[in-house]
Amino acid sequence: MAANHHPFESLTPQRIVEAVEALGMWLPGEPFTLNSYENRVFLVSDDERRRWVVKFYRPDRWREAQIREEHTFLAELADADVPVAAPWQNAQGETLHDAYGFRFALFPHVPGQAPELENPEHLYALGELIGRLHAVSERRGFEKRPRLDPETLAAQSREQVLAGAWLNRRQRQTYARISETLQSLLSERAWPAGVEIRAHGDCHLGNILGRDQEFALVDFDDCCMAPAVQDLWMLLTAQNDQELHMQLSELLEGYEQHRDFDRRQLEWIEPLRALRLMRHSAWLVARWEDPAFPRAFPWVASEDYWDQHIRILEQQRMILDGSQRWLAST
């Protein structure tokens, strides 16, 4: 086996078809690769013209018990009529399957497109969707899935970037200083115990699909224990105060049809944004041995990318330490 061979490269179209057909389905066509990097995800159609999303989990990322807890959560949401893509189960009630050294699952394909965040009706509908999700989420907690811990995750991200040869000497010094300060600021802004609920964890436009005002949540791969605002803040894309107030008003009005929202959680939006920025670059670095990443994100190897990343982190530092105005606090 070549030194740069990655496990996902063994997932040939034939193996994907064989894995699904071993579950008792027949696929008359070839699998279509969907846009996914952390896992490998394919669209298939069976002989009854039903469309399925086949998800092969990245090896060694989640323990089996953690994946099963994700699936149990999805089943609970589906039973409560929350629009989600819950995994298919066989006659024995099994949702997690094995093939060629991979764990995989089948999900019903959710048609449609991403919502429009400048559309007040879409924002209200999204608020309702997430409110319904959280009304079920708060009934109990995860036992196996992780909790969102900003200080620890920021420290891990910082270490991953600094451990490599991605930064030149100037960049390394600046990144080390800014990321250390951000880590400290995130620690200071930690939320109190008891506010975390089961959250989708990665609630951005790419994971919400539908038509008109009917949307569904997909891809719960990052579900975790987190404050409710974690599933809301990525939907706030406003560039000025007026837009922000409109987005927040519609989103929270829809949300509170199903569950109260503590406005104090809005103070955690910018800390969560800083954490996501740090984690994203660290994720790219950590996954670079996967051939899909250099192909999809070639700019990560350039000095310009890291200069821009450092500038954005510095802006976040200024927001968090109060030296730059925080839009969402108005």
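The table that follows gives values for the structure above.
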{"read-out": "The stretch 103-145 - residue that is polar (S, T, N, Q) and outside any helix (DSSP H, G or I) and, of those, surrounded by the fewest Cβ atoms within 10 Å (Cβ to Cβ)", "value": "Gln113"}
{"read-out": "The listed residue being buried (at least 18 other Cβ atoms within 10 Å of the Cβ) and in the same structural domain as Asp212 (by TED's automatic domain parsing), out of Leu148, Leu74", "value": "Leu148"}
{"read-out": "Selected residue (only one of Ala216, Ala238, Ala301, Ala286 is over 23 Å from Ala190 (Cβ atoms) and modelled with pLDDT under 95)", "value": "Ala238"}
{"read-out": "Subset of the stretch 237-262 [polar (S, T, N, Q) and closer than 18 Å to Ala80 by Cβ]", "value": "Gln257"}
{"read-out": "Selection within the stretch 202-238 - under 11 Å from the mean Cα position of the chain (by Cα), under 14 Å from Glu138 (Cα atoms) and part of a loop (DSSP other than H, G, I, E, B)", "value": "Cys223"}
{"read-out": "Only listed residue being within 19 Å of the chain's Cα centre (by Cα) and under 29 Å from Glu314 (Cβ atoms), chosen from Arg189, Arg170, Arg147", "value": "Arg147"}
{"read-out": "Qualifying positions in the stretch 83-101 - farther than 14 Å from Ala22 by Cβ and outside any loop (DSSP other than H, G, I, E, B)", "value": "Val84"}
{"read-out": "Breaking point among (1) surrounded by 20 or more Cβ atoms within 10 Å (Cβ to Cβ); (2) free of Cβ contacts under 8 Å to residues at least 60 places away in the same chain, for Ala165", "value": "(1)"}
{"read-out": "Residue among Gln156, Gln160 that is part of a helix (DSSP H, G or I) and within 21 Å of Asp221 (Cα to Cα)", "value": "Gln156"}
{"read-out": "Among (1) in contact with a Pro (Cβ under 9 Å, 6 or more places away or on another chain); (2) crowded, with 20+ Cβ neighbours inside 10 Å; (3) under 30 Å from Arg40 (Cα atoms); (4) of a type in the set (S, T, N, Q) - the single one Gln183 does not satisfy", "value": "(3)"}
{"read-out": "Tally, over the stretch 188-209, of residues that are surrounded by 14 or more Cβ atoms within 10 Å (Cβ to Cβ), among the small types (Gly, Ala, Ser) and modelled with pLDDT under 95", "value": "0"}
{"read-out": "Inter-residue pairs, beta-carbon under 7 Å, first not assigned by TED's automatic domain parsing to the domain that holds Glu70 and in the stretch 217-233, second among the polar types (S, T, N, Q) and modelled with pLDDT of 95 or more, 6+ apart", "value": "Leu217/Asn207; Val218/Asn207; Asp219/Asn207; Asp221/Asn39; Pro227/Gln265; Ala228/Gln265; Val229/Gln265"}
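The values are calculated or read from the model by the stated rules, or taken from the named source; none is laboratory data. The structure presented is a predicted model; accordingly, all values stated were derived computationally and were not measured. Please note: Cβ atoms are built from the backbone with ideal geometry, for glycine as well, and neighbour counts cover all protein chains shown.
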